[in-house]
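Laboratory data are not the source of any read-out in this text; all were calculated from the coordinates shown. Just so it is clear, the structure is predicted and the values come from calculations on it, not from any experiment. Neighbour counts are summed over all protein chains in view; Cβ atoms, including those assigned to glycine, are modelled from backbone coordinates with ideal geometry.
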Amino acid sequence: MDRTSIRQAAERLRAAQRVLVVCHIRPDGDAIGSLIGLGLALQAAGKEVQMVCADGVPGSFHHLKGSRQVVGRPSGDFDACCVVDCSDLKRTGGVLDNLPQPDLNIDHHITNLAFAQINLVDPQAVSTTQILASLLPEFGLPVNEAVAAALLTGLVTDTIGFRTQNTTPAALRLAADLMERGANLSELYYRGLVGRSFAAARLWAAGLSRLQKDDRIAWCTLTREDRKAAGYPGKDDADLINILSSIEGIDIAIVIVEQSRSRVKVSWRAQPGIDVAQIALRFGGGGHPAAAGAELNLPIDEAVPLILEATQEALPQPEALPDGQAEITII
Ligand code: AMP
Ligand code: MN
Ligand code: MN
């Protein structure tokens, strides 16, 4: 992120009175934390803010102050538009389709397409909220208790509780700083990563009952029938991918979630040294080397073999892994 872009972004926000903030569909903790963190900070500086997420806020983030303000579509006019935690505009779910090019794109995906007028993208950052934590003071915006809670939520969830390989001392220092500003780490950790509904556990059971291991890939599907039987309200995997990626001796974990008769959502997670973002890109998706996703317009039965084949191809032979990494198991 260059200083000029940061200065331009600060000026753009300073001059704007009505600001639209947008995050990605099927939001995770970083999407919601970035949306609310930036939104509340702008409000605290006296701006009128509309926070938009096409899929709304999942129940596991309703405890965050400001979550009730999030709406599904923008309405009215805006002086500035900021998109957070999105690698491309499609990820907003079409809510910006009839609006001008966004002013700001604040993100940490290596696959980011620099789609805005000003792009503040840092792939080294563990979460978009980590970038926001350094930008808010540059923008002259306050980090009060509610903003700190939102930012810490993104930090905790995108690092899966500080367990991902990219977790740095700076990320831990930021967590401490946000705690000092009033964010409750244990509560945010529990709500964002640990506490799950009974329906989510039943959905896991359905997926885990069909768990497969092909070579060094662990994978399973979640169907529409599974969701119905479990009484699970969302179309996501209820974080089942985190369970699959904790299996020892596995290089890549995959969960394939049926969205409709002709559409699936795929999540990949990889051990260090393997880049699943490249696989996701082949299917029109994106993400990070260690965690990526894509959507395919195919029935689940047709999608599964294609996904497995592409993933097998991307698996390096053991000797191709960097020294000492073939035996490493993480989280
Ligand atoms: P998920 O598997 O949905 O938890 O996503 C893993 C990572 O990949 C996250 O950083 C997402 O933002 C990103 N991602 C997931 N789906 C897509 C997609 N369709 N296009 C671009 N990035 C995606
Ligand atoms: Mn995200
Ligand atoms: Mn993120």
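Quick notes on this one:
- Length added when fully stretched, Ala199-Arg3, from 0.36 nm per residue minus Cα-Cα: 65.9 nm
- The calculated 222 nm mean residue ellipticity attributable to helices in the chain amounts to -10500 deg cm²/dmol, summing -39500 (n - 2.57) over DSSP H runs of n ≥ 4 and dividing by all residues.
- Rounded to the nearest 5, the antiparallel percentage of DSSP beta bridges internal to the chain is 45%.
- Among Gln278, Gly293, Gly234 the positive-end extreme of the charge dipole of the stretch 170-297 (Cβ point charges): Gly234
- For the stretch 51-61, Karplus couplings with θ = phi - 60° (6.51, -1.76, 1.60), whole Hz, Gly/Pro x: 9, 10, 9, 4, 9, x, 9, x, x, 5, 10
- Taking each of Lys65/Lys228; Lys90/Lys235; Lys213/Lys235; Lys47/Lys265; Lys90/Lys213 in turn, the alpha-carbon distance tops 28 angstrom for Lys65/Lys228; Lys47/Lys265; Lys90/Lys213.
- Taking Cα centre as origin and charging only the Cβ of basic (Lys, Arg, +1) and acidic (Asp, Glu, -1) residues, the dipole magnitude of the stretch 89-159 rounds to 160 debye.
- Most tightly packed first, judged by the mean number of other beta-carbon atoms within 10 Å of their residues, the peptides 263-272, 144-153 read 144-153, 263-272.
- Residues Tyr189, Tyr232 arranged by fewest to most Cβ contacts within 10 Å: Tyr189, Tyr232
- Diffusion constant of the chain at 20 °C, which comes from Stokes-Einstein with the Kirkwood Cα-pair radius and 1.002 mPa s, µm²/s: 106 µm²/s
- The chain, dipole about Cα centre (Lys/Arg Cβ +1, Asp/Glu Cβ -1), debye to the nearest 20: 1000 debye
- Evaluating 6.51 cos²θ - 1.76 cosθ + 1.60 at θ = phi - 60° for every residue in the stretch 305-311, the Karplus couplings come out as x, 5, 5, 5, 5, 4, 6 Hz, glycine and proline recorded as x.
- With Rh defined as the Kirkwood radius, the inverse of the mean 1/r over Cα pairs, the Rg/Rh of the stretch 1-152 is 0.91.
- Rounded to 10°, Cα long-axis angle of helix 29-44 versus longest principal axis of the chain: 0 degrees
- C-alpha long axis of helix 128-138 to longest principal axis of the chain, angle in °: 20 degrees
- Maximal additional length on extending the Asn144-Glu313 stretch stands at 56.1 nm, based on 0.36 nm per residue less the C-alpha distance.
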